């Protein structure tokens, strides 16, 4: 029998030596049911050399000294992402073993990475005189799959090939595909060595449970029912041990578990009775958190990352936590109707009232059922049931429970009557106390939304699908608009009704609560074009009570934007709800835009006519888009049938829904971008990565990018590339419109539009510069956009990175100079690293880079100012009225100030500061404002001087001003008459996101001018605006109380730039809040700079989670507030890390401390703002901030820019009595 096996292997070897490397199947990051290396090679992914008779058996098969030369096949044409994945795999070997993968120079024996037709590799070194290949097709670029193939190349067979494998697994030969039995061959100890290591269920080299199955039944069954097999996340502990043992590494071997009985030697079998004391949370990013598969069910759950195999038809496109992590997933394909997969948590010891929260994903037209049970001493109680498709989105479930004993949670997924039945779960949390209803942030004052930025809309969880934010044409022909209402280039919201949706399916979304009283006008634009348009219903809802329908439209209204308005009486905070109902077929898209809710009667409606443009007469098979936009991906999985409800020639967008849903009603910009399928596409060529040896420059270096990239090279360790470009970038409201050098040349920039994602990084390096002594590094940079990311500039010496400058945030639509003096003592490169912000408006550009000998000269920062007129000022003899809509009305800029006022319409360029619209029209009119982004500095002043007014006697001076932003400075109004300047108004600080009226009676006795002076505050969030200025004869009329609101008194204002502002650390906690500038010490968590300045000198408070225990906490308390009544608490927080804990805000009365806000989970690498209105405040009250550490070191929490002012929060927020 053994001789016949040898004969079969010999024949197989001769045939396979010439066979193509094949592979099929998806790749996963988590445990595999079907390993991604399945193919027609020996053991699926092994290229069997003619001379190979065994594995790991002789030193001639090992790489000498553990050094593996390699090269990338130029014909593979790998992209930056793929190259970065290969580098990450190499980094793992460098980190955990003594193996060194080095770039090949002249070596004859080396590994070549090729783009073959699957994932495959030879076992060990094939020859001392020729190359061997590792094949990585497009489906092989998970981290684990690459490391797996590289481990083959080092000399390792699959784990289940060991001689002792029958003690640990059972091979179910009856379920194996005919002809694939050789893949399950067991080898003798002389053929496959164990190296003294126990059997490793968790090995990267182990097959999955259903590998090579012919009937969807298991082919490998672990004898330990709790064991997981087939992971492709990375090297296991025993994998690392065996590599280091085989290659005689010193200092790397580590410690193995004792080799006792088969059932206890595995390090990855999960203990069945593991108990967690205290709160429990799991996002599955690190592991399965001791969840175990039930042994009496039909199928298993899978730990998974990225898109599900059939995303867009069923299953999620990403995890819920941060869009890049893991989740647990039930794959319905290849299983029977009613099959159940049951997943059981560890025991949770948390007696009393608890809140269970988890996120679930149920999308697909044959969806079955998700049940959740509590299990105590084997007795299960059903606490949650969800049936049928819930839409292409993550949904939050909350259940308040009472734990009386150690309790397990059991999640059971039941397959429906078809393959479109995938179910996923993520972010499971059990915390002590009652469930906290997610806070809904209210808007105080008028509401305006054109969808160019986040307006706080929330998608309903009770409907069938979601509204999508979009720009340009919709994906379907003969339905939907060609562009937004305003100019055809902006964004709007619409219902995409293609795909598996059915007639009558509903999509519902609501504004934040709008806090207005009395009569209001609700107006909006709508577009209902297509033969199968259903209904558009608009409702109002007060305090989450029943809905009142105020509009109802149905059927085809033509390819035109129409206008609707109605007057309505608001008696309490009210939400406006827009509901789109699908018609009978795909050609029924409904869109809305330009929504306004303002006090007072509705004006006469504007014309609703609009040009009708021609749409394609046939429905395309993939969404087409104009050159400036990229269309949504519409490729369907080839392993599943397309939905019968869509016509054969169409396919629905696969990414038109948010991949995450906020836990509060405020939709973050990153979430809105996830719902957008049409980020503008890049239309220019990427700068070519240099493949020649880098040039070393011994003379001063200067580059304006006009002729070429001057020897700059793209990094291979980032996600995408810088682009050389001329003129406007392809996206509106971000990036430069021209280069800095001449206005008609080239510059380098990052295009942050699709397919880039938030936090994607692009790195570019200068040539090596060999200049001795102090030198001046100078460049110009441009960071304009409402969701700006980060630019970091460094000097790179070998692999050491010396950061010169880092900044984040919108700097305005201008080129900004920067200079650094650096002492060169060895050759070095200049590195520019740009990181994408949360959505496309985050293009970053550089130009005019130079390195010259000698230190940088001291040059005052200046900006180009418009030519100043020398003409005499305009003289007016009558009343004066100016709304800036046509021009500046004769106003002149003061030549003796620091910078100028700017005429603007719609929003300013920076987020969280400045008005959204003018005051006059509340839509498209103009106003004057100061732009406080770089290069502006604190206390810079801008003065605007009116024409000379010659009227005599009593006059009424009237104007409107807007002072919104954490760092607002001062606003002054002066009367200039007879050579004397008299102060009329002096204001300072944040007045909220609303226009306020200023009005004064004055007596003119001589020609007079008005002077409006704005002084920049501590940071860029300090824009000040003015509008509707008038001087009319006679006294001022009585001003309504709402327009004479005095500025709110500042109770506390702290940016931690100097000290703790009187905050006191608790002595009863485990940790302290630490004051810090720049990045936190740990990677993958914490901010890189403060919120106030966005640069290294600024300070903030944070907790350092490294070296601490789960649930350790830090508490810090403000001084006494010394105020009575109502206050607004505003602060910025940063919660970035895969194991994030909690941030809690308390009201401290001196007797009791009660929570007023609780935040949890990974919020991404960005600062976010929270506001809370507190009523019934007493002088002795305080506000406290508590940070609670998560499950590992990646849970740093930070706070900054705490502001407490009298009165309610004008920009919305939680209302706490």
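Just so it is clear, none of the values below were taken in a lab; they were calculated from the coordinates. Quick caveat: nothing in here was measured; it's all calculated off a predicted structure. No Cβ is skipped: glycine too gets one built from the backbone with ideal geometry, and neighbour counts run over all protein chains shown.
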Legend entry - Gain on full stretching of the segment that runs from residue 531 to residue 60 - 0.36 nm per residue minus C-alpha separation: 162.3 nm
Inset, instruction - Sort all Cα-Cα distances of segment 880-1033 into consecutive 10 angstrom bins from zero, then give the percent of pairs in each bin up to the one containing the longest distance. - result: 12, 44, 35, 9, 0
Inset, instruction - Return the distance in nm (one decimal) between the two label points of a simple spin-label model at residue 797 and residue 337, each offset 7 Å from Cα along Cα→Cβ. - result: 7.2
Legend entry - Pair residue 805, residue 602: separation of 7 Å Cα→Cβ label points (nm): 5.2
Legend entry - Cβ-derived FRET efficiency at R0 45 Å, residue 950 paired with residue 1074, nearest 0.05: 0.15
Inset, instruction - Principal axes first, then extents: for the Cα atoms of segment 276-432, list largest minus smallest coordinate on each axis, whole Å, largest first. - result: 41, 31, 23
Inset, instruction - For each of 768, 548, count neighbouring Cβ atoms within 10 Å of the residue's Cβ, then give the residues from fewest to most. - result: 548, 768
Inset, instruction - Pop a pseudo-label 7 angstrom from the Cα along the beta-carbon direction at both residue 976 and residue 886 and give the gap in nm to one decimal. - result: 2.4
Inset, instruction - Report the dimensions of segment 59-247 along its three principal axes from the alpha-carbon atoms, largest first, rounded to Å. - result: 48, 34, 28
Legend entry - Net lengthening on full extension, residue 517/residue 555 (0.36 nm per residue, minus Cα-Cα): 10.3 nm
Inset, instruction - Using only the Cα atoms, work out Rg/Rh for segment 1050-1206, with Rh taken as the Kirkwood radius, to two decimals. - result: 0.95
Inset, instruction - Can you tell me the FRET efficiency between residue 88 and residue 377 if r is taken as the Cβ-Cβ distance and R0 is 60 Å, rounded to the nearest 0.05? - result: 0.85
Legend entry - Angstrom value of the Kirkwood radius, inverse mean 1/r, which spans all Cα pairs in segment 447-599: 15.4
Inset, instruction - Please find the FRET efficiency linking residue 566 to residue 107, where r is the Cβ-Cβ separation and R0 is fixed at 51 Å, and quote it to the nearest 0.05. - result: 0.05
Legend entry - Distance from segment 1138-1212 to segment 909-936 (C-alpha centre basis), Å: 29
Legend entry - Potential extension, residue 988-residue 1151 segment - 0.36 nm per residue separation minus Cα distance: 55.2 nm
